[in-house]
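Worksheet: one structure, shown below.
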Amino acid sequence: MKTNFKHAIIAATALLLGFSSCSNDDANAPADDLPTQSVSVRILVPSTYAPEATAVGVTPTITGNTNVFFVGGGVILEVGTLNAAEAAAGKTFTDVPGAVSDVIIVANGGTVATSPALSTIVRNDPLSKLNETLFLQASQTNAQTAVNLFGRAPLTDGAGVNAGKKVAAVTLVPAISRIEIGEIKADAGAAVKLKSFKLTGIYINNTYTQLGIDYVTKPTLATEILNYDKANAKWIDGNYPARFKDEWANASVTDATSFKPAGTDKWSYFVLPVKASANGTEISSVQQGAVPHIVFKIEDIDYDDAAYQDVAGPYFITIKNLKVGGADLTELAPGKVYSLNGGVAGDPILIGGGNLSPDPETNATEEVVVSATVTPWEGFDVDPVF
């Protein structure tokens, strides 16, 4: 019987050898002197793919190096790799130190930062060296074929057919998160209604171009941190980092009150999911939360009320808070797609005159309430084989 999983599953099975003959001295020996174990690793991924504009329903594939790290006591006790054939068929690692407690896997590892490169991490390196290896946002270019995959799980006692063995079931997911936006629309119920407007830009702020594998270690160079304040010229001079923006003379127009991509496409952005405990950037010397900010640029604004003067703009709407199931979101999760809506999945994000501010990263008279529908990139059936 098949079991439904939401992500690719890595099945890692460890058989501990020779413990029946161990003495008490063995139990207190250094890690390298403990009995070794054989660890079988198999990655199970589906062979089919249905291309869609959204990442929801897309199965990431292993297209490059797969790095396997065997960890115990804060130390990398053994390292290994899987090529494409081994990732599909499985591979047994022998003479793995008995002190190993966890398995960490990074797939498509060639797109991880080169300092330190995964290939330079060797046996007996501290786990902190791996944690400080950086995922690069710029390397995540395709939801199926060009995205890092990451997973970690402990070794546990097996049961049933795995009785007497050590088993680790590692969930392998995209190492990055994704924000998708479907439609921006004038709110017919707003206190200050918009008769027409142009959406001319979407920007992601309070985020990073690199992030450690631990999702806590952040870059320090200013060029790797997006924390632009309201006075920064990048909002209007066309020099905002290209991978974190969309800009148009105006976006695809429905009736000048509704803007959305063509067909079923989404405006989509890969973002690095910082843990809430690590916070986000500082903007104007104010500490921000871990959730990225989404900024809309609005121009050529015509109001539906003659009491308000029409303006060319630009004006801005800054979204700093997202809700999921009515609760504030404090962090993003790897492998998840955050589809933004006006409160119900599939609904447009609604805006009115009260949401507009002359500056980005500045509170308007009224905040836009935006909810997120959270979806894994792919769900499929697999048969784990140990």
Any chance K165 is more than 15 Å from the chain's Cα centre (by Cα), within 29 Å of A256 (Cα to Cα), basic (K, R) and open to solvent by 10 Å² or more (accessible area, probe 1.4 Å): no
Qualifying positions in the range 204-224 - open to solvent by less than 10 Å² (accessible area, probe 1.4 Å) and farther than 17 Å from G289 by Cα: G212, I213
Close pairs (7 angstrom Cβ cut-off, 6 or more residues apart or separate chains): of a type in the set (D, E) in the range 325-349, open to solvent by 70 Å² or more (accessible area, probe 1.4 Å) anywhere: D328/N321; E331/K275
Every residue from the range 64-84 that is open to solvent by less than 70 Å² (accessible area, probe 1.4 Å) and outside any strand (DSSP E or B): G64, G74
All positions within the range 225-242 that are surrounded by fewer than 15 Cβ atoms within 10 Å (Cβ to Cβ) and farther than 13 Å from P360 by Cα: D237, G238, N239, A242
Residue among S277, S284, S268 that alone is on the phi > 0 side of the Ramachandran plot and open to solvent by 10 Å² or more (accessible area, probe 1.4 Å): S284
Failed item in (1) assigned to a loop (DSSP other than H, G, I, E, B); (2) at pLDDT 95 or above, with G263 passing the rest: (2)
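The values are calculated or read from the model by the stated rules, or taken from the named source; none is laboratory data. Note that the coordinates shown come from a computational prediction; the quantities given were computed from them, not determined experimentally. Cβ: placed from backbone, ideal geometry, glycine included. Neighbour counts: every protein chain shown. Ligands, DNA and RNA are excluded from the accessible area calculation, which covers all protein heavy atoms including side chains. Shrake-Rupley method; radii C 1.70, N 1.55, O 1.52, S 1.80 Å.
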